[in-house]
Amino acid sequence: MESKFESSVKMIEAPQQKVYETLSDLSRLEQMKDKLRDHVGSDKLDGFSFDHDTMTAQVPPVGSITLRIVDREEPKTIKFETEQSPMAFNFWIQLLPLSDTSCKMKLTIKASLNPFIKGMISKPLSEALEKMADTIAQINYNNL
């Protein structure tokens, strides 16, 4: 059964193109780890690594999860698929302009889940997606 989880819409005080350029090259996030730690806490990024197209996270008790960018629609969408994960899913970032200096963003996860698994992971997955959206929205894209 196909399940969809969406973050709330977040406002970002940076141009859509600048946000897209930063998020579509994940190696930029590797370079920003120290700045991101200030927003999310020092221990939250220790299990993360990034290169141009992939992001790997250590997620207790699940283990290692790797997402790969599979599609880029400049400047509005970045789509990911799981490359290594106990559960296959798709993830995407949507960006829409608000003005020349701001945009809005929403994160979405789509996965095939049986009702039992969906019941167990819906709340923690929704909370994690929302925290990830908050973190991405707090990045100071104008100073990169």
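Couple of notes before you dig in:
- Surface composition of the chain: carbon plus sulfur atoms contribute 52% of the solvent-accessible area (1.4 Å probe, protein chains only, all chains present).
- Per residue, the chain exposes an accessible area of 56 Å² to a 1.4 Å probe, with every protein chain left in place.
- Label selected from (1) 101; (2) 135; (3) 88, the criterion being volume of the Cα convex hull per residue in Å³ as computed here: (1)
- Built amide H within the under 5 Å cut-off of VAL70, gap 5+: LYS79, PHE80, GLU81
- At 1.306 mPa s and 10 °C, Stokes D of the range 62-144 from Kirkwood alpha-carbon radius, µm² per second: 110
- Counting Lys and Arg as +1 and Asp and Glu as -1 over every other residue whose Cβ lies under 10 Å from the Cβ of SER27, the net charge comes to -3.
- Estimated distance in nm for a label pair at ASP51 and MET120, the labels positioned 7 Å out from Cα along Cα-to-Cβ: 3.2
- Taking LYS106, LYS79, LYS131 as the candidate residues, the one with maximal mean-square fluctuation in a Gaussian network model of the chain, Cα springs under 10 Å, is LYS131.
- For ALA111, net neighbour charge (Lys/Arg +1, Asp/Glu -1) across residues whose Cβ lies under 13 Å away: 0
- Working from label points 7 Å from Cα in the Cα-to-Cβ sense, the GLU30 to GLN58 distance is 1.7 nm.
- Mean-square fluctuations from a GNM of the chain, with a 10 angstrom spring cutoff on Cα atoms, peak among ILE65, ILE78, ILE117 at ILE117.
- Dipole size of the chain about its Cα centre, with +1 on Lys/Arg Cβ and -1 on Asp/Glu Cβ: approximately 380 debye, rounded to the nearest 20.
The values are calculated or read from the model by the stated rules, or taken from the named source; none is laboratory data. It should be emphasised that the depicted structure is a prediction, and the values quoted were computed from it without experimental measurement. Cβ sites come from the backbone with ideal geometry, for glycine too, and all protein chains shown count toward neighbours. In case anyone asks, the SASA skips ligands and DNA or RNA and just uses the protein heavy atoms, side chains included. Shrake-Rupley method; radii C 1.70, N 1.55, O 1.52, S 1.80 Å.
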